[in-house]
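Participant: First the structure, which I've put down as structure tokens, then a few questions once you've had a look.
The values are calculated or read from the model by the stated rules, or taken from the named source; none is laboratory data. Predicted model only: the values in this text are computed from it and were never measured. Using ideal geometry, Cβ is built from the backbone for each residue, glycine included, and neighbour counts are taken over all protein chains shown.
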Amino acid sequence: MWSTIELKFQFQLFDSEEVIDEATLKRVKKWVLSDMNTKWRQWKNELKSQIFDENQTVEQMVRNCKDSRVNKEQLKTLVEYWLSSKSMEQSATNRLNRSKLDEPHCTGTRSFPRIVEDMTAESSGIPPSRADVYVRTRTRKDGSIVNSAAAVVVERIQEKINEGTSSGNLSQATSWSNDVFAQTRPSQESGPSQPVQNTEEVEGLKAKLAAFEKLLETCLLPIYRQQRPDLHVPDMNALLQIVDTQAAPDAGSATAVVNSRSMPSENQHNTDDPSTQ
């Protein structure tokens, strides 16, 4: 896979003809393959949610897939794995673990960032609050709540919103410690029960960050391109590197690093998305 990518793309420093060195290329490769691996797993999960039925045969499930992007021979192999005893046992274990959650979500294989992205689009670009996301992810298609515990939290959220304690959108939420969602959580929550809640909060943070980055890219990036047509700014990563360079304390420190807008320092560990050409 990586050899195919190398044939199609040439990796260069931003706003430069200089090709990146071998060490940087290794970091790029690691990030690209990791990102592709994540997207591949998400794609298989989404596909499974659309066609998998353990009461059907392999041929029936393959025939039910209408997506032209799917190779039917590869799908057949994948469906056979889904029906294997190993995969079925793992699925049963996952369902059992999920059933032990006090307030499980009902989003299936759809990730929280994707749900937040959809909700942001529905609200004309305004990202949802944690309370909004909680209600959406605990409400079934028929409008019912997943269980009684989640129903209690949803009712508290509605009460708080009706009281006017918060408008329920990210633009006016200043502190997660006292937003609508935080106010609906029992104050005695602590101890062994916390890891599940902490995991959900991390997912919420990731979702909000993804929505905020998308908002910046759709609003800020076009404005900057219009104001500075002389600069090639392909994505938000490139823009942030430009802003970071311009924020240097003095000219001496700015010139100390060649191509600092695109070349990460050793302390940064190259966590930004790599730019490609």
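Participant: Pairs needed: first member in region 120-132, over 21 Å from LYS160 (Cα atoms); second member anywhere, of a type in the set (Gly, Ala, Ser) and surrounded by 18 or more Cβ atoms within 10 Å (Cβ to Cβ); C-beta distance under 8 Å; at least 6 residues apart or different chains.
Facilitator: THR120/ALA211
Participant: Could you grab the pairs with beta carbons closer than 8 Å, sequence gap of 6+ or different chains, first residue in region 21-43 and in contact (Cβ under 8 Å) with a residue 24 or more places away in the chain, second one aromatic (Phe, Trp, Tyr) and assigned to a helix (DSSP H, G or I)?
Facilitator: Final answer for the pair search is LYS29/TRP2; VAL32/TRP2; LEU33/TRP2.
Participant: Another question, then. Can you name the number of the only condition in (1) exposed (fewer than 12 other Cβ atoms within 10 Å of the Cβ); (2) not in a loop (DSSP other than H, G, I, E, B) that GLU54 fails?
Facilitator: Answer for GLU54: the failing condition is (2).
Participant: Here are some conditions: (1) within 30 Å of SER129 (Cα to Cα); (2) of a type outside the set (A, V, I, L, M, F, W, C); (3) surrounded by 15 or more Cβ atoms within 10 Å (Cβ to Cβ). ARG95 meets all but one. Which one does it not meet?
Facilitator: Only one criterion is unmet by ARG95, namely (3).
Participant: Which is in a helix (DSSP H, G or I), surrounded by 14 or more Cβ atoms within 10 Å (Cβ to Cβ) and within 25 Å of the chain's Cα centre (by Cα), of VAL70, VAL62, VAL32?
Facilitator: The conditions single out VAL32.
Participant: Go through region 94-142 and report how many residues are in a loop (DSSP other than H, G, I, E, B), more than 18 Å from GLU213 (Cβ to Cβ) and modelled with pLDDT of 80 or more.
Facilitator: Total meeting the criteria: 9.
Participant: Turning to a different aspect of this structure: Could you tell me whether THR137 is closer than 21 Å to THR184 by Cβ, crowded, with 19+ Cβ neighbours inside 10 Å and among the polar types (S, T, N, Q)?
Facilitator: Spelling it out, THR137 is indeed closer than 21 Å to THR184 by Cβ, crowded, with 19+ Cβ neighbours inside 10 Å and among the polar types (S, T, N, Q).
Participant: Can SER91 be described as among the polar types (S, T, N, Q) and farther than 30 Å from ALA151 by Cα?
Facilitator: No: the conditions fail for SER91.
Participant: Shifting gears a bit: Of all the residues that make up region 64-101, how many are touching a residue at least 12 places away in the same chain (Cβ under 8 Å) and not acidic (Asp, Glu)?
Facilitator: Summing the residues that are touching a residue at least 12 places away in the same chain (Cβ under 8 Å) and not acidic (Asp, Glu) in region 64-101 gives 11.
Participant: Going by what's in this entry, would VAL79 be described as surrounded by 13 or more Cβ atoms within 10 Å (Cβ to Cβ), modelled with pLDDT of 90 or more, closer than 24 Å to PRO113 by Cβ and not assigned by TED's automatic domain parsing to the domain that holds ARG114?
Facilitator: no
Participant: Can I ask one more? Output the residues belonging to region 3-25 that are part of a helix (DSSP H, G or I) and surrounded by 11 or more Cβ atoms within 10 Å (Cβ to Cβ).
Facilitator: ILE5, GLU6, THR24, LEU25
Participant: Using the structure shown, decide if ARG114 is farther than 30 Å from GLU54 by Cβ and either of a type in the set (A, V, I, L, M) or under 16 Å from the mean Cα position of the chain (by Cα) (or both).
Facilitator: no
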